[in-house]
Each structure stands twice: as structure tokens, then as C-alpha cells.
Amino acid sequence: MELYYNTDALSEDRIKRTFVGRQWLLDELTTILRQQPEGAGVQHVLLIAPRGMGKTTMLLMLGYAVDESELKDRWQVVRFREESYNITDSAEFWMEALRQLRDPELTKRIEQIAAEYRKSADLGSAAVALIKDWVRSHGKRLLLLVENFDGILEQIHSEEENSRLRDVLMNDGSVMLIGAATSFFEEARGYEKPLYNFFKVYNLDALSEEQIQELLIRRSEVDGIAGFREKLKQNAGQIRALSHFTGGNPRLVLMLYAVIANAQSTEVRTGLEKLLDEVTPYFKARTELLPPQQRKILDQIARESARTLEGQSPTAFGRATRMTPNQVSAQLKRMSETGYVRAVNVRGRAAYYTLSEPLFALWYQMRFGRDARERMNWLVSFLRVWYDDTELGSEMERLCSRVGEMLSSGQITMAKDAVQYGRFLLEAIRDTETQLDALVRLVDAQLDAGEDEEAVALLEAHLNVERSDKKRALLLVLRINARLALADRANSLVETQGEIRRALSDIRDAARLYPPLNDEFRHLETGLVRQLEQLEIERQALEDPDASAGDDSDFSVRFAVCTLLGDAARASEAWRALTAQPYQDAKIDETIVLLTRLARDGHAKFLLETIRTSTWAEPLAPLLRALEYVESGDRDIIEKLSPEVRLVVEDLVARIQAK
């Protein structure tokens, strides 16, 4: 089981073997211990760092260093519990020190003074006296290692009690205190506070990329992972990604790497979601430590950095939070000192700020994004840093292969989930050439998985990207395949016809863009036109089952299809073939119905030009007048007609203009 929040529950060997980047501080602290004067004037120390930066590990390592050196003859290590909720005054602080000595001989005396003294000042004096007695009798002083020291002082919340604490620490050489805190708290930095300027302060800096690599190698050795060092060398980009997203926070480094380092590409999203859920307590706790104004600014930074991936100026924050630039600047300065934000750029006098931990921005975006798209942008942001473009292309190839395997084994839902993840991989690729190769693979996988509409939408989103004509033609061919797949699965003849017509439009665009394939495009076009003609015959039969199908039926269908496709030459050819035959009244009626429908679809002008010069101009005269009126809007065309003809023409106009 992985322990990220209870470091002291890990074995001593494991802690030592994964101790990275802090040896200089351990050496400095042991030097301070050796140089402490006898009696008053002891130098006390404060370690400042956000949660997860290694404060607990540092205190544990210092305790081990004391116990394993000559220092153990002069100092007794006393570790306070990480959560000392019982300490609410200075007396309880000293009583806790006595309890954590874990000396059986002290137990009865601790109970006695606790029962005898009820006032804080009296109990505190008795506890300090008992500590002095123990120090004299054992010949060594106490080294108090106190985690969350800022939290203890907040619980005490009394300048009078803090003054008593300071008096003992300053004037008695029996104890040395090394405290740890998440920020440089008010009691230590406030000019009028009792503990102002009282501690020697050390900040635990973020791990560098080299230190992160060393931490992971040491961790792999502890876990017995063979060949890990070589694997890490081959994935240097992942070290940069870990450094970027975790801000060099050791706890977050280990959490992030453990979740995704060995995951299949399709599992990265699940692993990240799991991690971001696991760090919720960490980020919530960090946020809730801030005063209201800083919390408001942090919220704004998180939202904007998640959305734009850029820093913002104090002026911009002021507008968004309704605070003055001076207020925002003062708060940002404090937040920068405590490690919440960092300046990303300085232009003249204006600094631009963003979050110190990009992982926090990802967490915030996933948790509070306004819509599904915004909530998932965090994944694209992560993939762009975790992989380079070449790796993303390889990941796409592996993912699409897995989609094929899933479909073969009947895992349809899993295959569709994998295809959805592929869209994030594709979006993360910046290089247009690599993206095109990945797009081709993903569209094929989408079509195999039955995600035809998604494939069409994806291709439409990428057709306008700057590409060569040949590559745009390739994308159109892919979209043609997707259109035809949609046509195969359409629920009606009309939907099927619509998709085929769109595919034919793509064929003509592709032929124009890449002429070397014109023969292939023309062959495909001919087949689709014939298919459309057959569909039109079927549709007409469904609309009018009693209609006779004479020799001219194929020509009327061909004329309709070619007109709908905008192919004027072939439509005119079909019209000439149709009107070359003797007409019958019934066929004229059917033709008028067909032509009215075509006019309603936006082809009135072409029909007008075609009918005027044909042998059927006379029997189609009412339709000609209707088309002329629709095109010109001239009411005189209708007004000068006889009443009987006018009624027919107005009826045709109404049909053409009907939606």
C-alpha cells in the first residue's frame, strides 16, 4: 500500500534510501546542533514549505542523524505528533514534550502535576521544571521536532501564552525547537508579535529535474524495479513534465508517476482522474489556509490559467475580483512568498502571475470547469507536456491497434471509450504533419467503431488547417468514407440521399485539389450517381405507388439527381432525352411535381432556363410563369393571366415557396 500522507509510518530504511535533494540542509542542521551554546541563547529553527515538500522526511532524517552520531550523547530527540490538537496553551505544549519523551519514570510525575495545577501558568512552570530535572539527570538536552508548528500557535491563539513560550525558549538552554510550517505565519513575521524574528528560517525549495530523476531512481530501487534507470533515460520528457506539473513537490512527483508511468495510453485519463481525485484533500487544505481575499485571487488565477495557460497581471485580477490593483499586488506578493503563485514574466513594471503548481490548475479545471469541454482541457494540457509529438503519434498508433483488438473481441463500449480518448491525443499534437498521420488512423478507428458522425465532425474541424492540396484531398476521401458509412446506417431514404449528395460534393472538391486521382474519383462518382438515381426511383414509388414507370422514368430521375448535385451539363442531357419523347398528360403531371420539388430546393433559375428552350415549354407554361414570378417577384406576371390559369400558377408558386 502506498503511503503519501503518513511518511512516518514508512520504514526507516525506505525513508533514508529515498531522501533526495535535502542533504545540505541536514548537514547544516546537525552543524547548528553541534555549535549550540551551553545554557541560554540556543538558536531555534523553522522549516517553511507547502504540504508534500518533505518537511516530515526532513525532521525524521534529522532524528536519525542525531541517534546515529555523537550528538545522541548531548541531545534527546522528541518528536511531536503531526496533529497535536490537544495543545491550546503553552502549558500543554510543555506537557506534550514530556509525554513524547516516553520515559516510564516520568509518567507518574506528569499525572501528578496535571492533577495539582489547574491554571495554565502554574502547570506550564511545573512542566518546564520537570523538563529541567530530566535534562540534568540524563545529561542531555531536548531536541523538539514539531510539525505544523503554525497550527499549534493558531490553536493557542494568545500573545500572552506565546510570550511564555518564547521566554522559556530564549532564556533556558534545556531545549532546542525545530518547527515545520506550511507558510511563514503571522506569529513569526508580525513585527509586534512575541515570536517575531525569533527563528532561523529555512525554505525547502522544489526539487530540480535532476533531483526528481534521482528520487524516482531511488524509489525504483526500493521497489525492486529492474532496468528503471535506463527506461528513465529514454523518457527525459516525462521528468520535465513531472517537474512542470508538480512544481517539484516530492509527494506529488511520486503520486503522479505512480499513477501513469506504466499505464497504457488509454489508461492515462483514468489514472489522472484518480490522481486528481486523490489530491483533492491536499489542494482543498492548501486553499482553505488562505484568507478570503487571497482565496478569491487564487480562484481567479486557477480559472484563467486553466483556460488560457497564461499568466495575468494584477490589473486583470483586480478587474475580475473587484479589488484595486494595489490590493491585488499586495496579496500576490504574500502568495508568492508562501509558494502559492509565481511570476511568469516581467514586462517593465508589470508582473504576470500564475499558479506555482500547474497540477493545481488541472485539478481546478477538472473539478470546476464550466462545461464538459473545459473540464477535459486539463487532459490535453497534460498530454502536451508528458509526451512530445512523436510520442503522441506512436501512442495514437498503439491506441488504434487496441481499438481493433477490442472490436474483434466484442468489447464495443471499451473501443468507443478508447476512440474518445484518441481525440484528446490528437488535439495535443502540435505538428500538423504528425497530426495528419494520427488523424487518418483515428478516423479509420472511428469508422470501425461505428462512430461515423464523430468522424465527419472531426474531419470538418481539421479540413481548414493549413495543408497541401494533396493532404486536404486525403482528408476529403476520409470524409467521403465517413459520409458513406452514415448513408449505410441512415434511417430513411432522404437521409441516405443527403449523405450521398454530400459525399459527391466532397469527391468533386477532392478531384479539384488532386487531379492525379481524377479517374478514381470519376469512377466513384459514377457509382454514387447511379445509386442516387435508384434511391430517387424508390422514393417516388413510395410517394406514389400507383404511378406508371414508362421509358422516360429513368431520364426524369437522372435529371432530378443531376440538378440536385448541381451538374448542369448532365442534367441538361437527361432533360433533352426526356423531352425528346412524346409526352402524355399523366407524365406531364408527374414531371410538374418533380420540377416543383426541385424549385423548392433552390434550383428555380436553372429550371427556368432549361424549360424555356425545350419542346415541353408549352405544356409547362403555368410552371414557367410560376418560376418567373419566384425569380423576379414581378406581380404583373400573374396579374395579366386569365383567372383560370392564374389559380393554377398561384398554387404552383405556393408549393415552390412552401418550407
### Task
Could you please report the charge total around Arg646, scoring K, R as +1 and D, E as -1 over all other residues with beta-carbon less than 10 angstrom from its beta-carbon?
-2
### Query
Expressed as a rounded percentage, what relative contact order does the chain have, with Cα pairs under 8 Å and six or more residues apart?
8
#### Entry: nm² value of the averaged projected area, convex hull over the Cα atoms of region 1-123
10.0
### Query
Which whole-number percent is the relative contact order of region 1-143 (Cα, under 8 Å, 6+ apart)?
22
#### Entry: ³J(HN,Hα) computed for each position of region 618-630 - Karplus, 6.51 cos²θ - 1.76 cosθ + 1.60, integer Hz, glycine/proline x
5, x, 9, 4, x, 5, 4, 4, 5, 5, 4, 5, 4
### Message
Compute the angle between helix 23-35 and the longest alpha-carbon principal axis of the chain, please, reported from 0 to 90 degrees and rounded to the nearest 10.
### Response
20
### Task
Quick one: what are the phi-derived ³J(HN,Hα) couplings along region 215-220, Karplus 6.51/-1.76/1.60 with θ = phi - 60°, whole Hz, x for glycine and proline?
4, 5, 5, 5, 5, 5
### Query
Considering only the other residues whose Cβ falls under 13 Å of the Cβ of Lys119, what net charge follows from Lys and Arg at +1 and Asp and Glu at -1?
-4
### Query
How are the C-alpha pair distances of region 385-472 spread across 10 Å bins, as whole percents from the shortest bin up?
18, 51, 28, 4
#### Entry: Peptide ranges 35-43, 243-251 listed from the most packed, as the mean C-beta count within 10 angstrom indicates
243-251, 35-43
### Task
Can you pull the one-decimal nm distance between simple spin-label points at Arg229 and Glu573, each 7 Å off the Cα toward Cβ?
7.5
### Query
Rounded to the nearest whole Å³, what is the per residue volume of the convex hull around the Cα atoms of region 209-262?
70
### Qualifying trypsin sites (Lys or Arg not before Pro) in region 88-129, DSSP loop, other Cβ atoms within 10 Å at most 12
Arg102, Arg118, Lys119
### Query
Straight-line reach from Lys416: which aspartates and glutamates have Cα under 14 Å away, leaving out those fewer than 8 places along the same chain?
Glu267, Glu405, Asp444, Asp448, Glu451, Asp452, Glu453, Glu454
### Violating pairs (Cα-Cα greater than 27 angstrom) within the set Lys231/Lys274; Lys233/Lys470; Lys233/Lys333; Lys119/Lys200
Lys233/Lys470; Lys233/Lys333; Lys119/Lys200
### Message
Per-residue counts of other Cβ atoms within 10 Å, averaged by peptide: what ranking do you get for 598-605, 223-230, highest first?
### Response
598-605, 223-230
### Task
Any chance you could list the semi-axes, whole Å, largest first, of the equivalent ellipsoid that the Cα gyration tensor gives for region 386-534, using √(5λ)?
27, 20, 11
### Query
In whole Å, how far is the Cα centre of region 395-415 from that of region 42-83?
52
### Message
With unit charges on the beta carbons (Lys and Arg positive, Asp and Glu negative) and the dipole taken about the Cα centre of the chain, which residue among Ala258, Trp575, Leu607 sits farthest to the positive side?
### Response
Ala258
### Message
How large are Rg and Dmax for the chain when calculated on the C-alpha trace, in angstrom?
### Response
39.5, 130
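Ranked highest first by the average count of other Cβ atoms within 10 Å around their residues, in what order do 282-289, 432-439 fall? Working shown, then result.
Working: 282-289: 15.8, 432-439: 18.9.
Ranked by mean Cβ neighbours within 10 Å, highest first: 432-439, 282-289.
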### the chain - charge dipole about Cα centre, Lys and Arg +1 at Cβ, Asp and Glu -1, debye rounded to 20
2460
### Alpha carbon Rg of region 544-657, scaled by the compact-globule rule 2.2 N^0.38 Å
1.03
### Query
Across region 11-18, in residue order, what do the Karplus-derived ³J(HN,Hα) couplings come to in whole Hz, using 6.51 cos²θ - 1.76 cosθ + 1.60 with θ = phi - 60° and x for Gly and Pro?
5, 4, 4, 5, 4, 5, 6, 10
### Query
Can you give the Rg and Dmax of region 7-203 based on its C-alpha atoms, in angstrom?
16.2, 48
#### Entry: Residue-averaged [θ]222 nm for the chain, counting only DSSP H segments that reach four residues, each worth -39500 (n - 2.57)
-21500 deg cm²/dmol
### Task
Please get the size of the charge dipole for region 386-534, origin at its Cα centre, with Cβ charges of +1 on Lys and Arg and -1 on Asp and Glu, quoted in debye to the nearest 20.
460
### Summary
Length gained if Asn518 through Ala121 is fully extended, taking 0.36 nm per residue and subtracting the Cα-Cα distance, is 133.2 nm
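All of the numbers you see were taken from the coordinates with simple rules; none came from a lab. Computed from a predicted model, the values in this text were never measured in an experiment. Neighbour counts are summed over all protein chains in view; Cβ atoms, including those assigned to glycine, are modelled from backbone coordinates with ideal geometry.
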